Amino acid sequence: MTSLKRLRTAALATALALTALGIAAPGSARADEQYFPLQSYRVGPYAAGGTGFFGGFIDYLNLINTRDGGVNGVKLTWSEGETQYEVEKGVEVYERLKNEPNIAAWNPLSVGIAYAMIDRITQDKVPLVTINHGRTDSTDGRVFPYVFPLLLNPYSETSGIVNYIASKEGGLDKLKGKKIAVLYHGSPYGKETIPIYELLAEKYGFTLTQIEVPHPGNEQQAQWLMIRRAKPDYVVLRGWGVMNPVALKTAQKTGFPVDHIVGNVWSNSEEDVKPAGDAAKGYTAITTQASGNSYPVVQEIVRTLYDKGEGNLADKERIGSVYHNLGIVNGILNVEAIRIAQAKFGQRTLTGDEVRWGFEHLQLDPARVEALGAKDLFHSINVTWDNHEGDGYVTFQQWDGARWNVVSDWIAPDWALLRPIIETSAEAYAAEKGITLRTAADAETVASGKQAAAQ
């Protein structure tokens, strides 16, 4: 595995030790390589998410290198810098790695770090991928050409959750008079959806209570006493890390029924429910990708990597878990963007702006998803120059005490409602920053950028 990373001659243990210290593995880039700087977090309160996601991402990059020799002969390389999910450390890793040659894209998996990078990566002309999270209005590619909240943004997630609750009640008209409480993580990520819940409450007539849980969320007794007094019909859990199992256990102590708690996309993993024990049984959460190891791409990763002792997860029990599979899907999306861009610009190392063009043409229909070994793992994606998310399809899964089971069809958000809100916000940002709105013609123009393509 390490022969495909920047540190080609070191042992895997050494590379992981460097990762834990936040030190990028040294090495000189080659002209036939495409590099991913990873602002990962493998220690701290959110380590479960970081190890699972970045483990899956690296597993997929390693699969492409091992099985295919890279993308059309271009090897995929990477190094990690430990952030502990802290903005300052994420920015430090960015500053340390930004001048590495042949950068394809940044994938920090952190709203705070992503916010801090938007101006920087726009100047650098390198894509920033914020899969399932990030700044909502970055969906508008007219204003944010280099930011890609792939699969799901916070507002489309919120719309999907409200639509799901409505389906349980018999329709959107049945939400009138209902009470919904949102328990959210006290961070930029957690606060991102406050205004959209307010809008949907006004639109559909439900009573809304929004309650903050300070980072990291180890203590929630006061918040659940507030919920008990409010007597909501549903609680939406917009948590992260340790906050989630604590919420489920505290809900049980205060007598709130777990089958009326709906988790968001960062409250939907095995690591969120297993520590809660019986308190999690019957809990439902939204997801953009299924869990389990039965999908061909996951099985191929097991055969190609783990059976040879080269997988990235230390615990094989986590293969096919929610975070691991999200990392694999993220790997698919990054690699396919490179493949699509190569089809236009040549089978070579690409500039960041060329990779941006690839992301803006990242259209994977269900047939292509199946060909990639990911049928039913995720639905599809249809990114365009002005829509950097895709179609926003989600499904819902319920924990039975041992595994997640899908309990809904794929659900699309209310784009007729959301898109004008997104555009208004993006246009306000553009006015504040003095940004001229891009056109389709602008999107087709590719700059050479600071990273010259290897010919």
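Observations on the structure shown:
- Within segment 187-222, considering residues that are assigned to a strand (DSSP E or B) and either hydrophobic (A, V, I, L, M, F, W, C) or touching a residue at least 60 places away in the same chain (Cβ under 8 Å) (or both), the one most open to solvent (accessible area, probe 1.4 Å): 208
- Residue match in segment 356-367 (condition: assigned to a strand (DSSP E or B) and either among the polar types (S, T, N, Q) or more than 18 Å from residue 438 (Cβ to Cβ) (or both)): yes
- Residue among 307, 315, 272 that is surrounded by 24 or more Cβ atoms within 10 Å (Cβ to Cβ) and without any contact (Cβ under 8 Å) to a residue 60 or more places away in the chain: 272
- Restricting segment 74-108 to residues that are open to solvent by 10 Å² or more (accessible area, probe 1.4 Å) and aliphatic (A, V, I, L, M), the residue that is farthest from residue 339 (Cα to Cα): 87
- Residues (open to solvent by less than 70 Å² (accessible area, probe 1.4 Å) and either farther than 14 Å from residue 385 by Cβ or of a type in the set (Asp, Glu) (or both)) located in segment 421-434: 421, 422, 423, 425, 428, 429, 430, 434
Here is a yes/no grid of residues against (1) within 19 Å of residue 425 (Cβ to Cβ); (2) modelled with pLDDT of 95 or more:
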{"position": "97", "(1), (2)": "no, yes"}
{"position": "124", "(1), (2)": "no, yes"}
{"position": "128", "(1), (2)": "yes, yes"}
{"position": "131", "(1), (2)": "no, yes"}
{"position": "135", "(1), (2)": "yes, no"}
{"position": "151", "(1), (2)": "no, yes"}
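- Residue selected from segment 386-408 under the condition assigned to a loop (DSSP other than H, G, I, E, B) and out of contact with any Phe, Trp or Tyr (no Cβ under 9 Å at 6 or more places or on another chain), by the criterion most open to solvent (accessible area, probe 1.4 Å): 403
- The residues of segment 435-449 that are assigned to a loop (DSSP other than H, G, I, E, B), surrounded by 12 or more Cβ atoms within 10 Å (Cβ to Cβ) and at pLDDT 95 or above, listed by number, are 435, 437, 438, 439, 446.
- One residue alone among 375, 344 is surrounded by fewer than 20 Cβ atoms within 10 Å (Cβ to Cβ), charged (D, E, K, R), closer than 28 Å to residue 32 by Cβ and in contact (Cβ under 8 Å) with a residue 12 or more places away in the chain, and that residue is 344.
- Of all residues in segment 321-341 being crowded, with 22+ Cβ neighbours inside 10 Å and not aliphatic (A, V, I, L, M), the one that is nearest to residue 99 (Cα to Cα): 334
- Single unsatisfied condition, residue 58 versus (1) surrounded by fewer than 23 Cβ atoms within 10 Å (Cβ to Cβ); (2) on the phi < 0 side of the Ramachandran plot: (1)
- Yes/no for residue 135 being charged (D, E, K, R) and closer than 17 Å to residue 328 by Cβ: no
- Within segment 110-127, the only residue that satisfies the criterion of being part of a loop (DSSP other than H, G, I, E, B) and open to solvent by 10 Å² or more (accessible area, probe 1.4 Å) is 125.
- Just so you know, in segment 128-167 the residues that are charged (D, E, K, R) and surrounded by fewer than 24 Cβ atoms within 10 Å (Cβ to Cβ) include one that is nearest to the chain's Cα centre (by Cα), and it is 135.
- Residue that is most open to solvent (accessible area, probe 1.4 Å), among those in segment 223-241 that are assigned to a loop (DSSP other than H, G, I, E, B) and modelled with pLDDT of 95 or more: 231
- Some residue of segment 192-211 being of a type in the set (Phe, Trp, Tyr), modelled with pLDDT under 95 and touching a helix residue (DSSP H, G or I) at 6+ places or on another chain (Cβ under 8 Å): no
The values are calculated or read from the model by the stated rules, or taken from the named source; none is laboratory data. Please read all numbers here as calculations on a predicted model, not as lab measurements. Every residue, glycine among them, receives a Cβ derived from its backbone with ideal geometry; neighbour counts consider all protein chains shown. Accessible surface is based on the protein model in full, side chains and every heavy atom, while ligands, DNA and RNA are left aside. Shrake-Rupley method; radii C 1.70, N 1.55, O 1.52, S 1.80 Å.
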